[in-house]
Structure formats: structure tokens, C-alpha cells
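Structure first, commentary second.
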Amino acid sequence: MKKITLILVLLLIVNCTTDSPDSQDELSTFRQQVLSCVDDDPQIKITNNGTIIFDVAVYGEDYSEVYSESLSIGSNTDWFDSSITEIIIVANNNNFYGRKIQLSLLPCDIIEVEIDANNNLIISGE
């Protein structure tokens, strides 16, 4: 009987570990973001990690322009809000015409779009 009790105590000790401080910080940050957002407009940021300058534009589902900017190599847009939930992001220049991503956004979405090293338009962070 003593051996069974000892085994149970050892199992409890092994299973009762605490989370690392890093995971606790990440969880706290995530909770703050979730708790602070109540039907806020989605936010979008576009970064150019490509090899050439791109003109980027964001269009609504009715093809109206919501946002546009020219992005030099290594630069990014500021975060911008979109009250439109169905958007198309287009990246153009003289060498690459019409790189596109279509997104369906929800309230409180935070989307990072990137022109990668191969000059492709990708979603880089969600």
C-alpha cells in the first residue's frame, strides 16, 4: 500500500508543472487583445520584403478603392482599418502585374500581408 501511495505522489509531482513565463506572457497578451475588441473594424498591414518597388491597392467588393500606397523595398504600410469585409489586395509594378489576394474579413481581424522575397503576395501573419 505504501508503494502505491508513493507512486501516486510522484505522479502528482511530475504532472504539476507550471507554464514557462513566455507562454504566460503570450496568453496574457492574447487575452488583452480579445477582451479589448468588440466589433472593431478589421486591421490590415502590408509589407514589401520583395526585390522591387510595388504599388499596392485594396479594393472593396464593388471594386471601389479603399486604400493605396507605393511600397519601396523593405517598407510597410501603417495599420489601416477596413469597414468593408470582402476585399481584394493587389500589388503591381512594371514587372509583375496584378498579384492578388482576396480576403473575407471579420470584426477584430488583424491581418498581415507580405510581398515575399520571390515577389509573391502572401498572408504572413494572422
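The values are calculated or read from the model by the stated rules, or taken from the named source; none is laboratory data. Remember, it's a predicted structure, so these values are computed and weren't measured experimentally. Reconstructed Cβ throughout: ideal geometry from the backbone, glycine too, with neighbour counts over all protein chains shown. Accessible surface is based on the protein model in full, side chains and every heavy atom, while ligands, DNA and RNA are left aside. Shrake-Rupley method; radii C 1.70, N 1.55, O 1.52, S 1.80 Å.
Quick rundown of the values:
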quantity: Among residues of segment 56-70, those that are open to solvent by 50 Å² or more (accessible area, probe 1.4 Å), among the hydroxyl-bearing types (S, T, Y) and not in a strand (DSSP E or B), counted; calculated: 1
quantity: Members of segment 89-108 that are of a type outside the set (S, T, Y), assigned to a loop (DSSP other than H, G, I, E, B) and open to solvent by 40 Å² or more (accessible area, probe 1.4 Å); calculated: N94, N95, F96, L106, P107, C108
quantity: Some residue of segment 37-55 being assigned to a loop (DSSP other than H, G, I, E, B), modelled with pLDDT of 95 or more and at positive phi; calculated: no
quantity: Yes/no for E112 being of a type outside the set (S, T, Y), open to solvent by 40 Å² or more (accessible area, probe 1.4 Å) and modelled with pLDDT of 95 or more; calculated: yes
quantity: Residues located in segment 71-86, provided they are in contact (Cβ under 8 Å) with a residue 40 or more places away in the chain and buried (at least 17 other Cβ atoms within 10 Å of the Cβ); calculated: L71, S82
quantity: Residue count for segment 87-102, restricted to those that are touching a residue at least 24 places away in the same chain (Cβ under 8 Å) and within 15 Å of the chain's Cα centre (by Cα); calculated: 1
